[in-house]
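Heads up, the thing below is written out as structure tokens.
Coordinate-derived values only; no laboratory data. Just so you know, these numbers come straight off a predicted model, no measurement behind them. Backbone-built Cβ (ideal geometry, glycine too); neighbour counts: all protein chains shown.
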Amino acid sequence: MLDDNLRASRQTAHDRPDLKISFEFFPPKTDVMEEKFWDTVHKLAPLKPRFVSVTYGAGGSTRERTLRMVSRIKAETGVDAAAHLTCVGATRAEVDAVARGYKDAGINRIVALRGDPPEGVGQPFVPHPEGYQNAADLVGGLRRIGNFDISVAAYPEKHPQSPDWASEIDNLKRKLDAGADRAITQMFFSNPDYLRYVDRARAAGVTAPIVPGIQPIHNFRQIANFAARCGTAIPGWLAERFDGLDDEPETHALVAAAVAAEQVTELVDEGVTEFHIYTHNRSPLALALGRVLGLRHEVPVAGAA
Ligand code: FAD
């Protein structure tokens, strides 16, 4: 085992490189969900994330809500907000109009994605006849519209539609060469998969940051279902840790915090300095991870004006 002085995760904030964190939300569907959304945003904003992002529902179904949420986050908290944008099922003109709407609202960060067909990721993707062909094509289009900071997706276990590793990494490279600034990964639970992916990308000449997307396990069953759909493996050890905890929410939450903390701590020790946390619009595990990564709420000084 490494000595503490060789582990970045065991250094104080003063001695280790700054860790950067971003949080991802989805646009709430109901008034009750919206209340929880804003509660979470206001609890996480004081950690001063580099940015927070709000997803874009399948086929543009959340277009207005995504824009409303990112605009209000920026206005109310001062935190930079990124809007996700997909090109599935839409013409270039429609997608460009959404991007111009982001730009006009002062949103200069976009997470640019292809999206999935309405029948799910298992079905072949057929671009709209007048639409962007894929995420790389979309990034090129966005670059023509404005000086956005653009993130794209990366898949440490390969995208389910990538036939082999060469295609996977080629596709990542195409997106970055088209003008994206960084990649954010799909959730993964095996750190070696992520580290190997980064090695493959670097060997292919990719220099942009590949930020690990960390999924705290709020609900093991839900996450396992989602993982099966998006090609993320659930290792046996992980399933064992949550086995039998469906009706024990407190233990489930503690195990989830331990698993996520272990994952980010190992990555910090491997030299990773940027993290993207999938919050599912909930604050406790995201706040705990912020702590583990050394981020603090700013506590007002008693007596200060
Ligand atoms: P692309 O990078 O375009 O490619 C996906 C696959 O197609 C790859 O296998 C690639 O190899 C193959 N491919 C692409 N171009 C070619 C080509 N020219 N020839 C051959 N093969 C090609 N979905 C949403 O609906 N809304 C969201 O807000 C959202 N946010 C996300 C955020 C992150 C961080 C991640 C990781 C995913 C997100 N997704 C979202 C899911 C995403 O839309 C799906 O994973 C989708 O299946 C792929 O999108 P992409 O941008 O990676 O596609």
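Ordering S22, S61 by the number of other Cβ atoms within 10 Å of each residue's own Cβ, fewest first, gives S61, S22. Taking θ as phi - 60° and the Karplus parameters 6.51, -1.76 and 1.60, the scalar couplings of region 98-105 work out to 5, 4, 5, x, 4, 4, 5, 8 Hz in sequence order, x denoting glycine and proline. For F275, nonlocal amide neighbours, meaning residues 5 or more places apart or on other chains whose placed amide H falls under 5 Å from its own, are K20, I21, S22. Each of H252, H297 was scored by other Cβ atoms within 10 Å of its Cβ. Listed from fewest to most, they are H297, H252.
Centroid-to-centroid, using Cα positions, region 216-291 and region 62-118 are 27 Å apart.
Could you calculate the contour length gain from D15 to R143, that is, 0.36 nm times the residue separation minus the distance between their Cα atoms, to one decimal place in nm? Each step should come with its number before you reach the end.
On the way: separation 128, 0.36 × 128 = 46.08 nm, distance 3.77 nm.
Contour length minus the Cα-Cα distance gives 42.3 nm.
Here the residues C87, C230, ranked from fewest to most Cβ neighbours within 10 Å of their Cβ, fall in the order C230, C87.
Once you order the gyration tensor axes a ≥ b ≥ c over the Cα atoms, which shape class does region 124-192 get: rounded for a/c under 1.5, otherwise prolate or oblate by comparing a/b with b/c? Oblate.
Over 26 Å apart at the Cα level, from the set K36/K158; K103/K175; K48/K173; K29/K175; K29/K173; K103/K158, are K36/K158; K48/K173; K29/K175; K29/K173; K103/K158. Here the extension length gained between Q222 and E250 equals 8.4 nm, from 0.36 nm per residue of separation less the Cα-Cα distance. Once the Cα-Cα distance is subtracted from the 0.36 nm per residue extended length, the L6 to W38 segment shows a gain of 7.6 nm.
In this structure the amide hydrogen of T185, modeled in the peptide plane, comes within under 5 Å of the amide hydrogens of A154, V211, G213, none closer than 5 places in sequence on its chain.
Per-residue ellipticity at 222 nm from helix content only, as computed over the chain with -39500 (n - 2.57) for each DSSP H run of at least four residues, stands at -13000 deg cm²/dmol. Listed by chain and number, the aspartates and glutamates whose alpha-carbon sits under 18 Å from that of K43, ignoring those within fewer than 8 places in the same chain, are E24, E34, E35, E76, D80, E298.
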